[in-house]
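These notes are about the structure you will find just below.
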Amino acid sequence: MIQKFPLKILHGYVLLSVVLFLGVQSLKLFSVTSPDWVLHYLNDFLTIPIVATLCLHSVWFVKKDRSIRLNVFTTLSLVVLYSVLFEYYLPLQSHRYTADIWDVACYFLGGTVFYFLQEPMRLSKTAETID
């Protein structure tokens, strides 16, 4: 029997994110002139939802429970990890990386989008208890 695949909106968003990510990488590869925000910030915004969804699938695989969701602490930990690694540590190690507070903001916004896209049941249950 085929099991229902949860979180269709999140998975659609992540699929679109992967396509956009690859598009931005192609623009960079072929040196296509694009707005600065596309080349410098869009991938940072898309990264956390992609990585967090991969983490969520890993947890589902290990625990064999697709009702599990990543909590705020876990999502925020991922944002902090990426921020420290890519905006603090790696710029100290290589000239290829640059520290930018706007990248940290993009990681945070991407983490926020992921958290709310993976928690639709909690939001609808809260709305039901208010009524």
From the square roots a ≥ b ≥ c of the eigenvalues of the alpha-carbon gyration tensor of the chain, which class results: rounded (a/c under 1.5), prolate (a/b over b/c), or oblate? prolate
Which of rounded, prolate, oblate describes region 64-116, given a ≥ b ≥ c as roots of the alpha-carbon gyration tensor eigenvalues and a/c under 1.5 marking rounded, otherwise prolate only if a/b is larger than b/c? prolate
For D100 and S67, extending 7 Å from Cα along the Cα-Cβ vector and measuring point to point gives, in nm, a value of 4.3 nm
Tell me, in nm to one decimal, what length is gained between L16 and V80 on full extension, where the rule is 0.36 nm per residue of separation less the Cα-Cα distance? 20.6 nm
Show me 82-89, 61-68 ranked by packing, highest mean number of other Cβ atoms within 10 Å first. 82-89, 61-68
Cut-off under 5 Å, modelled amide H: who pairs with R69 long-range: none
Among C106, C55, which comes first, second and so on when ranked by fewest other beta-carbon atoms within 10 Å? C55, C106
Which helices of the chain meet both criteria: a Cα extent of 15 Å or more along the helical axis and a mean Kyte-Doolittle score no lower than 1.0, with helices taken as whole DSSP H segments? 8-29, 43-63, 72-84, 101-118
Report, in deg cm²/dmol and to the nearest 500, the calculated mean residue ellipticity at 222 nm for the chain, where each DSSP H run with n ≥ 4 adds -39500 (n - 2.57) and the sum is divided by the residue count. -22000 deg cm²/dmol
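Only the coordinates and a few stated rules stand behind these numbers; no lab work does. Here the structure is a predicted model, which means the values were calculated and not measured. With ideal geometry, Cβ positions are generated from the backbone for all residues, glycine too; neighbour counts draw on all protein chains shown.
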